[in-house]
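Here's the structure, in structure tokens; my notes come after.
The values are calculated or read from the model by the stated rules, or taken from the named source; none is laboratory data. Keep in mind it's a predicted model, so treat the numbers as computed, not measured. Backbone-built Cβ (ideal geometry, glycine too); neighbour counts: all protein chains shown. For accessibility, only protein heavy atoms count, side chains too; no ligands or nucleic acids. Shrake-Rupley method; radii C 1.70, N 1.55, O 1.52, S 1.80 Å.
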Amino acid sequence: ENNGQRGNRGPFGMMFGGGDGGPEKGPDIVLTLRTTLDDVYNGAEHVVPLTKQKLKNFEVVRKCMKCKAQPATLQKVQIGPGMFMQQEVPPNCNSKCSASGSVHKKTVNMEVEIEAGVPEHHELVYELDADEYPDRLPGDVKFQVETAPHKVFRRKGNDLEMTLKVTLLEALVGFGKIVKHMDGHDIEIEREEPTPHGTIIRLEGEGMPKHHVPSERGVLVITVEVVFPSKVTKEQAEAFEKLLGED
């Protein structure tokens, strides 16, 4: 499965080729991309500064490729007393392929797209964008998405969870609440009957957008938390007892 892979063959792809069974690649750069739940809900683009090794020019690549294109030479190798064999020896291109003086460090700004509903720890792959070498393809830059905690919502796959605090009076007589969602629209939550502590309210279509199908959304699961008063006066206690006491 292609996990957010972005092709960027550029001059390296043209010079070295690529694909399965292609030339050797350099190491990948793996980074954690910490983002907000709002960005994952709505989709966003991040600009990430990345310092990497860049070739000053492609002349060293051409020299390296020309050297490596030479045929192997036959060399007589002794394998025992009075016993020899012919062995193919590839050309020694170390000097031609040396990166010494041909590379420098450069900071580039990478534009990283966060698609709406992208899963937690999803890997965004930017092909051939890692350190450059004269004798091999660059590796890939991989961003692993990590979402910071949100002050209201908690993500569970395609669903969202939240806790709604109500007063004791609201729990007894009902309430109407409005919660601002991450795209700015209002979520209306109403109850006209008594609401016990821990009541679960499920709102279909108010969860996370589904990755690659953002028109479909999960469920918002709301847990009601009844906030009791820290103290009750004698008069209030008598009023409660009169109102709620058994006959």
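Odds and ends about this structure:
- Exclusive hit being over 29 Å from residue 42 (Cα atoms) and free of Cβ contacts under 8 Å to residues at least 40 places away in the same chain, set 172, 168: 172
To keep it simple, each residue is scored yes or no on (1) within 23 Å of residue 145 (Cβ to Cβ); (2) touching a Ser or Thr at 6+ places or on another chain (Cβ under 8 Å); (3) modelled with pLDDT under 95.
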residue: 166; (1), (2), (3): no, yes, no
residue: 202; (1), (2), (3): no, no, no
residue: 210; (1), (2), (3): yes, no, no
residue: 228; (1), (2), (3): no, no, yes
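- Strands (runs of 3 or more DSSP E) contained in the stretch 81-186 and holding at least 3 residues surrounded by fewer than 18 Cβ atoms within 10 Å (Cβ to Cβ) and in contact with a strand residue (DSSP E or B) (Cβ under 7 Å, 6 or more places away or on another chain): 83-89, 103-114, 159-167, 175-180
- Any pair with Cβ under 9 angstrom, 6 or more apart, that starts in the stretch 131-148 at a residue that is hydroxyl-bearing (Ser, Thr, Tyr) and modelled with pLDDT of 95 or more and ends at one that is open to solvent by 30 Å² or more (accessible area, probe 1.4 Å) and outside any loop (DSSP other than H, G, I, E, B): 147/34; 147/39; 147/155
- Flag for residue 232 being touching a residue at least 12 places away in the same chain (Cβ under 8 Å), more than 30 Å from residue 114 (Cβ to Cβ), exposed (fewer than 15 other Cβ atoms within 10 Å of the Cβ) and among the β-branched types (Val, Ile, Thr): no
- Of all residues making up the stretch 193-205, the number that are open to solvent by 40 Å² or more (accessible area, probe 1.4 Å) and part of a strand (DSSP E or B): 4
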